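Remarks on the structure that follows.
The values are calculated or read from the model by the stated rules, or taken from the named source; none is laboratory data. Here the structure is a predicted model, which means the values were calculated and not measured. Cβ sites come from the backbone with ideal geometry, for glycine too, and all protein chains shown count toward neighbours. These accessible areas exclude ligands, DNA and RNA; they are computed on the full protein's heavy atoms, side chains included. Shrake-Rupley method; radii C 1.70, N 1.55, O 1.52, S 1.80 Å.
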Amino acid sequence: MLTEGVSLIDSRSDRVVMEPNETYWNPDRKPTVRIIYDNVIGKAEGIKSVAAGDGRVDVVFDLTPDEAHAFPASEHGKIQTKKAKTILTGVFNEDRPDSPWRNPEARRALNLAIDREFVLHQGAHGYGTVIPAFIQPGRYGADPEMKPFPHDPEAAKRALEAAGIGGRQLVFVASPAWEGVVAAIGQCLAKIGLGCRFVSAKEEPPEEFDVKLEWYFDWTPQYPVACVHREFFGKDATLRQGPEDLDFDALYDKLLHTPHEPQQEEVVRAVERYLQDQAKALFLYAPYTLFAVSDRVAFTPYDTCMSELAETRIKG
């Protein structure tokens, strides 16, 4: 049980002080500590504080792969990882005039051009797991028969040239956190005669961009299609970069009218198969969530990516 103050840095807050609830209903989990979410300190300074063990910061949330990789050897803190329900995927720009990415064969070809293990290790220092589509193997809705797209550069080159994309420079929009991932994708594309240009998502994306990398997570216990797939492809999607997909809408509607297990999970698997069959995205991998954690804290991260501390304890 927590017995003293814990200080954290989480990019989703500024400075919030949480006092223990003396009337909490469960005596076995009754909090006894003040928790301070403090972003006044700053993320880089917070990481240094954990490594130095100066007592100012105990946990820093949401490290990038480069920040985690650069964490210094320390007897006071460490990098902690969590295989959370996350995805890093590329959304094809089908909104641009005469977009070649409305052609599923072109989308499939670009997927074949990518060596995902190389991208993961070269671009993100190995902090993640390659997955077939949007759901990690072993989790609710994962199809055990599905495998990630193979890396087949020769087939990719032939198909992209047939689609009129051969020899082009492709424009990738992404958060600066994923610039290394885009660089690794560029190395894959260079092997088939394509260029690659990174554009920061902090800038206004050019109209002619090709792919936008999106990090997303599933915060539901077991309803990934509603939380994740719908956000990319549903009629009310916030991340869709193309026309409404009526076939996806039909599968989603079927899921809404399938209330019982195991039939419901079969529909979820059908959605996953549809995404891969139609190469609806540039599938990459599931990033780990990354934390810098003080050695005085036994920190338990959640796979929903929420910054919850119910299981976290002060050591000793």
Query raised in the report: Which value, in Å², gives the accessible area per residue of the chain when a 1.4 Å probe is used on the protein heavy atoms?
Result: 47 Å²
Query raised in the report: Taking the mean number of other Cβ atoms within 10 Å as a proxy for protection, how do you rank 105-112, 165-172 from highest to lowest?
Result: 105-112, 165-172
**Report entry** Within the accessible area of the chain (1.4 Å probe), percent carbon and sulfur
**Finding:** 51 percent
Report summary line: Note, region 63-79: 3J(HN,Hα) by Karplus (6.51, -1.76, 1.60, θ = phi - 60°), whole Hz, Gly/Pro = x, goes 6, 7, x, 5, 5, 5, 5, 8, 4, x, 4, 8, 8, 9, x, 8, 8
Report summary line: Phi-derived 3J(HN,Hα) across region 295-312 with the Karplus relation (6.51, -1.76, 1.60, θ = phi - 60°), rounded Hz, x for Gly and Pro, is 6, 8, 10, 9, 9, 10, x, 9, 7, 8, 6, 6, 8, 9, 10, 4, 9, 7
Report task. For region 147-175 and region 198-249, compute the distance between their C-alpha centroids and round to whole Å. Result -> 20 Å
Query raised in the report: Listed here are the pairs 85/202; 78/212; 147/191; which of them are more than 28 Å apart at the Cα?
Result: 78/212
Report summary line: Counting sequence-distant residues (5 or more places) and residues on other chains, those with an amide H built under 5 Å from that of residue 82 are 289
Query raised in the report: Which values of log₁₀ I(q)/I(0), to two decimal places, follow from the Debye formula for the chain at q = 0.07, 0.09, 0.10 Å⁻¹ with a uniform point scatterer at every Cα?
Result: -0.33, -0.53, -0.65
Report task. Out of all DSSP beta bridges with both ends in the chain, state the antiparallel percent to the nearest 5. Result -> 70 percent
Requested in this report: Could you tell me which of rounded, prolate or oblate describes region 109-164, using a ≥ b ≥ c as the square roots of the eigenvalues of the alpha-carbon gyration tensor, with rounded for a/c under 1.5 and, failing that, prolate when a/b is larger than b/c and oblate otherwise?
Outcome: oblate
Requested in this report: Please sort 78-86, 21-29, 242-250 by packing, taking for each peptide the average over its residues of neighbouring beta carbons within 10 angstrom, highest first.
Outcome: 78-86, 242-250, 21-29
**Report entry** Sequence-separation-based contact order of the chain, relative, with Cα cut under 8 Å and 6+ spacing, percent
**Finding:** 27 percent
Query raised in the report: How far is helix 43-52 tilted, in degrees, relative to the longest principal axis of the Cα atoms in the chain, given as a value from 0 to 90 rounded to the nearest 10?
Result: 50 degrees
